[in-house]
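Working notes for the structure below.
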Amino acid sequence: MYFHVGTAHRFDAETVLSAYCNGFFPMGDEHGAIHWIVSDPRFVLPIGGLHVPRTLARLDRKRPFEIRTDTAFRRVMEFCAQDRSEENQAWITPRMIDVYTELHQAGFAHSVEAWLGGVLVGGLYGLALGGAFFGESMFTRREVGGDNASKICLLALDRRLKAGGFVLLDSQEANDHMSQFGGETIEFDDYRDRLDQALQVQARWSVEA
């Protein structure tokens, strides 16, 4: 469940990093305002231990897409920011895209991308701090052949996190899309303990895995 903890009157790279270290994350609204949110309980995925449906594992082995890392970060965010449905409206504001792009340039924010014939067909992005990776959003462009592209990117992300020594993959809140990969829902206090431990880990973002 999401809880609103305040409006982000100041929203810059430093503030965002501080918020994540304390378990908060931002969400924008239809008016462009940005709010700090806490999810309690919190949903985390097991790095190196995802439950992968058999059909998806088979597809992954066929390598249907070219997987790239950090080559089109802003474009990934822009696709993630598009409204998908009335029930799943965009929460990523232009200001958020600017600040996360700055964080990407500073080495904190990363994207995993699926390309098909030179076209970006799916991807995800998130923030890496210490040994924690905070997954933010993903997208798939089925109209250009990107079926399952975001799921393939998640598997690629998992391999990179495992190779880099990450210990926490934060998915914020359980939903049908993410729960199929396993994971667990934990109370926020337990999450903070895990987060504090993960922030002490010197993990590295692995471009290749």
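Taken together, the values in this text are just the output of simple stated rules run on the coordinates, not laboratory data. All of these numbers come straight from a predicted model, not from anything done at the bench. Using ideal geometry, Cβ is built from the backbone for each residue, glycine included, and neighbour counts are taken over all protein chains shown.
Miscellaneous remarks
- For L129, distant residues with modelled amide H under 5 Å away: F134
- Cβ-based charge dipole, segment 42-199, positive-most Cα from A174, L116, L127: L116
- Max mean-square fluctuation residue, GNM over the chain, Cα-Cα springs under 10 Å, options M138, M27, M96: M27
- In the calculated pair-distance distribution of the chain, the portion above 23 angstrom amounts to 43 percent of the Cα-Cα pairs.
- Relative contact order of the chain, taken over Cα pairs closer than 8 Å and 6 or more residues apart, is 26 percent.
- DSSP beta bridges confined to the chain are antiparallel in about 90 percent of cases.
- Note on segment 93-198: Cα-only Rg and Dmax are 14.6, 45 Å.
- Label point at V5 placed 7 Å out along Cα→Cβ; residues across segment 97-134 whose backbone nitrogen lies under 16 Å: 134
- Each other residue within a Cβ distance under 9 Å of T140 adds +1 if Lys or Arg and -1 if Asp or Glu, for a net charge of +2.
- Stretching the chain fully between D196 and D29 yields a gain of 57.2 nm (0.36 nm per residue, less the alpha carbon separation).
- Dividing the alpha-carbon radius of gyration of segment 43-161 by the rule-of-thumb value 2.2 N^0.38 Å gives 1.03.
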